[in-house]
1. Answer with a single label: of (i) 18.7, 71; (ii) 17.7, 55; (iii) 18.6, 60, which was calculated as Rg and Dmax of the Cα atoms in Å from the structure in view?
2. Rounded to the nearest 500 deg cm²/dmol, what is the calculated helix-only ellipticity per residue at 222 nm for the chain, with -39500 (n - 2.57) per DSSP H run of length n ≥ 4?
3. Taking 0.36 nm per intervening residue step and subtracting the Cα-Cα distance, what contour gain separates residue 77 from residue 111 on full extension?
4. Within the range 1-44, find all residues whose amide N lies under 18 Å from a label point positioned 7 Å from the Cα of residue 95 along Cα-to-beta-carbon.
5. Going by alpha carbons, how many degrees (0 to 90, nearest 10) lie between the helix axis of 150-162 and the longest principal axis of the chain?
6. To the nearest 10 degrees, how steeply does helix 180-197 sit against the main Cα axis of the chain, on a 0 to 90 scale?
7. Which part of the range 29-57 falls in the paramagnetic zone of residue 15, meaning amide N under 12 Å from the point 7 Å along Cα-to-beta-carbon?
8. Using a Gaussian network for the chain with springs between C-alpha atoms less than 10 Å apart, which of these wobbles most: 77, 95, 177?
């Protein structure tokens, strides 16, 4: 059984009387521990596909099984539970709270544990600080985003994504807002975490050089996988 299994996914958006077919029968599997890049030009459907496999949206038709569970027709509350248990997110824009220090940023996903029980504040702080240590920010735990470089802010975002010990890391253009040196550092951190923890990494990128970091590339064009 693959960790991610999709079969004939479609997604149709209605804009007034116009139908926009963002995905047109997408089928693929991702095995646990793989690093896969999703690539394609603007409008190819890669962001739509990312939203569906991240449990942020559901397909119009088709099936999606995540870790053996059919999530295709789940409601928003059910999807939120799955996301909290299985998936960590890293975004191009970092998505940090401007007034909160790094350790509080990383604590946010720890309101509840993977099994839904409440995590005590002292344990949340311990785990957040441990996650920051893993990304090389042990000496920046009390710094706010304005006191951190772009690369350091993305490291905070990575620590926040991993603090709940997800199976899958979803990275949407994770180096898009960084200079080449900081981007390389972020990719090296992701490689290390992938190898040490056996994370499954799914990364959306338009950059061919970034795509080559992956074990495998899924290329989309006009809502379909290119052969």
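No lab work stands behind these numbers, since they all come straight from the coordinates. Since we're looking at a predicted model, the values are computed, not measured. Please note: Cβ atoms are built from the backbone with ideal geometry, for glycine as well, and neighbour counts cover all protein chains shown.
1. Comparing each candidate, only (ii) matches the computed number.
2. Values: 7 runs with 74 residues, N = 227.
Taking each H run of at least 4 residues, the total per residue is -9500 deg cm²/dmol.
3. 10.6 nm
4. Once the point is set 7 Å along Cα→Cβ of residue 95, 38 turn out to lie under 18 Å by backbone N, inside the range 1-44.
5. Once rounded, the angle reads 80 degrees.
6. Rounded to the nearest ten degrees, it is 90.
7. Under cut-off, by backbone N: 43.
8. Among 77, 95, 177, the largest mean-square fluctuation in the Gaussian network model of the chain belongs to 77.
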